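K.L.:
Structure incoming, see below.
The values are calculated or read from the model by the stated rules, or taken from the named source; none is laboratory data. Owing to the predicted nature of the structure, the values given are computational and were not obtained by experimental measurement. Here the Cβ is made from the backbone with ideal geometry for all residues, glycine too, and neighbour counts use every protein chain on show. These accessible areas exclude ligands, DNA and RNA; they are computed on the full protein's heavy atoms, side chains included. Shrake-Rupley method; radii C 1.70, N 1.55, O 1.52, S 1.80 Å.
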Amino acid sequence: MVGGVVFGACLSFVALLVVGTYVVAAQLVGGGGGGGVRGAVGLAKGAVPAAYQPLVQRWGNLCPAVNPALLAAQLYQESGWNPRAQSHASAQGIAQFIPGTWAAHGVDGDKDGDRDVWDPNDAIPSAASYDCSLAQYVKDVPGDPTDNMLAAYNAGAYAVIKYGGVPPYKETQNYVRIIRSLEKSFARPVGPVEPSRQAAGAIYFAQKQLGKPYLWGGEGTAADGGRFDCSGLTQAAYATVGIKLPRVANDQYNAGPHPSRDELLPGDLVFFSDDLTDSRAIRHVGMYVGGGYMINAPYTGAVIRFDKIDTPDYFGATRVTQDGAKALPTHGTDA
């Protein structure tokens, strides 16, 4: 009986944190952001796997139309950081060059005497170099030079020149939008991150799931008995406010910019990993509710509950945005 009273008091305390902190968050919601990332650009913590971060940081500054976060967004979109990726259209490697483009634009980035499309030490520099070449082709076209460069990457420089900017092709316009949205996720924030307008609804849904048993792979369907795993819970919570997140936690990390620990607001997703240098190794996600607590589906045998976030495996956080979520893949399952 005493234990039940204490648990109930704890829930009441955390509920007050949720309400009080969210009121503050709501008061902060202001005007929207602008276009892409500007000025000197660093990479968000762990957003790029540690093995590739020096390459992306160095070659992402090759010309003014490119920055490290933009280059990272392209590589993530093309291959998910898989150096052995190969598409049905014969695109190859971490940067997904087709053979003809590689023959014309591949460079020997590591100066070892060969140009190997499967070697990130060649492919990442080649991607940056190709971007910069395209930027030169379309440098006299009106509009944002980076948008025009990305459009040339997708549709060809001739189309960009012909239409005086991003051509009216849905595929090309979507490609530009996706990369510019992902760019904001890979960039290290240089100022406060705008609060989410959808956070209250997502928290409301997550709170209603408290006490349900964890189910690995659970998405809350009737077949799952309404049960969830960690990323299934966060995906379902944001789906109630019209935001479609990908299924796995390490992809959800890229659904928006990354507030620091002292900037967290209710509704932010918080992530945990055994490798604090690589977002692709993230293994758990929860939803921050204020006061150092999250709602999460922890593991098999436990129930959806409040837990503290300040643990040695705390990786970082993401403030979910509509554009950021739309730019992400939607596949897979995780714990």
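K.L.:
Does Lys139 count as out of contact with any Leu (no Cβ under 6 Å at 6 or more places or on another chain), in a loop (DSSP other than H, G, I, E, B) and open to solvent by 30 Å² or more (accessible area, probe 1.4 Å)?
P.N.:
Considered against the rule, which asks whether it is out of contact with any Leu (no Cβ under 6 Å at 6 or more places or on another chain), in a loop (DSSP other than H, G, I, E, B) and open to solvent by 30 Å² or more (accessible area, probe 1.4 Å), Lys139 comes out as yes.
K.L.:
If you don't mind, there's one more thing I want to ask. With respect to Gly211, determine if the residue is free of Cβ contacts under 8 Å to residues at least 40 places away in the same chain and either more than 17 Å from the chain's Cα centre (by Cα) or assigned to a loop (DSSP other than H, G, I, E, B) (or both).
P.N.:
So Gly211 fails the test.
K.L.:
Among what's in region 214-232 and is among the charged types (D, E, K, R), farther than 15 Å from Met294 by Cα and in a loop (DSSP other than H, G, I, E, B), pick the residue that is most open to solvent (accessible area, probe 1.4 Å).
P.N.:
Within region 214-232, the match that is most open to solvent (accessible area, probe 1.4 Å) is Arg227.
K.L.:
Go through (1) among the β-branched types (Val, Ile, Thr); (2) open to solvent by 20 Å² or more (accessible area, probe 1.4 Å); (3) in contact with a strand residue (DSSP E or B) (Cβ under 7 Å, 6 or more places away or on another chain) one by one and return the number of the condition Val166 breaks.
P.N.:
Of (1) among the β-branched types (Val, Ile, Thr); (2) open to solvent by 20 Å² or more (accessible area, probe 1.4 Å); (3) in contact with a strand residue (DSSP E or B) (Cβ under 7 Å, 6 or more places away or on another chain), only one is false for Val166: (3).
K.L.:
Sticking with this one: Which of the residues spanning region 169-187 are out of contact with any Pro (no Cβ under 7 Å at 6 or more places or on another chain), open to solvent by 20 Å² or more (accessible area, probe 1.4 Å) and closer than 20 Å to Val56 by Cβ?
P.N.:
Hits for region 169-187 are Tyr175, Ile178, Arg180.
K.L.:
Looking at (1) open to solvent by 10 Å² or more (accessible area, probe 1.4 Å); (2) small (Gly, Ala, Ser); (3) under 19 Å from Tyr214 (Cα atoms), which is the one condition that is false for Gly286?
P.N.:
Just one mismatch for Gly286, condition (1).
K.L.:
Moving on. If Gln235 passes every condition in (1) open to solvent by less than 10 Å² (accessible area, probe 1.4 Å); (2) outside any loop (DSSP other than H, G, I, E, B) but one, which one does it miss?
P.N.:
Here Gln235 meets the rest and fails (1).
K.L.:
Restricting the search to region 188-202, which residues are aliphatic (A, V, I, L, M) and crowded, with 21+ Cβ neighbours inside 10 Å?
P.N.:
Hits for region 188-202 are Val193, Ala199, Ala202.
K.L.:
Can you find, within region 69-85, the residue that is farthest from the chain's Cα centre (by Cα) among those that are of a type in the set (A, V, I, L, M, F, W, C) and open to solvent by 10 Å² or more (accessible area, probe 1.4 Å)?
P.N.:
Ala85
K.L.:
Further question: Of everything in region 292-323, what is open to solvent by 40 Å² or more (accessible area, probe 1.4 Å), part of a loop (DSSP other than H, G, I, E, B) and modelled with pLDDT of 95 or more? Give them in sequence order.
P.N.:
Within region 292-323, Tyr299, Thr300, Gly301, Asp310, Thr311, Pro312 qualify.
K.L.:
Name the residue, out of Tyr158, Tyr130, Tyr153, that is surrounded by 17 or more Cβ atoms within 10 Å (Cβ to Cβ), of a type in the set (Phe, Trp, Tyr), assigned to a helix (DSSP H, G or I) and modelled with pLDDT of 95 or more.
P.N.:
Just one listed residue meets the conditions, Tyr130.
K.L.:
Restricting to region 108-127, give me the number of residues that are assigned to a loop (DSSP other than H, G, I, E, B) and closer than 10 Å to Trp59 by Cβ.
P.N.:
1
K.L.:
Quick one: how many residues across region 272-283 are crowded, with 16+ Cβ neighbours inside 10 Å and either over 21 Å from the mean Cα position of the chain (by Cα) or modelled with pLDDT under 95 (or both)?
P.N.:
Number of matching residues: 4.
K.L.:
For His105, are the conditions met, namely being without any contact (Cβ under 8 Å) to a residue 24 or more places away in the chain and of a type outside the set (Phe, Trp, Tyr)?
P.N.:
Criteria not met by His105.
Let's see how each residue does on (1) at pLDDT 50 or above; (2) under 21 Å from Gly109 (Cα atoms):
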{"position": "Val2", "(1), (2)": "no, no"}
{"position": "Cys10", "(1), (2)": "no, no"}
{"position": "Val19", "(1), (2)": "no, no"}
{"position": "Gly31", "(1), (2)": "no, no"}
{"position": "Gly34", "(1), (2)": "no, no"}
{"position": "Ala47", "(1), (2)": "yes, no"}
{"position": "Asn67", "(1), (2)": "yes, yes"}
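K.L.:
Of everything in region 238-257, what is open to solvent by 10 Å² or more (accessible area, probe 1.4 Å) and either polar (S, T, N, Q) or outside any loop (DSSP other than H, G, I, E, B) (or both)? Give them in sequence order.
P.N.:
Correct list: Ala239, Thr240, Asn250.
K.L.:
So, one more: Mind listing whichever residues of region 116-133 are closer than 22 Å to Val66 by Cα and either free of Cβ contacts under 8 Å to residues at least 24 places away in the same chain or among the acidic types (Asp, Glu) (or both)?
P.N.:
Asp119, Asp122, Asp131
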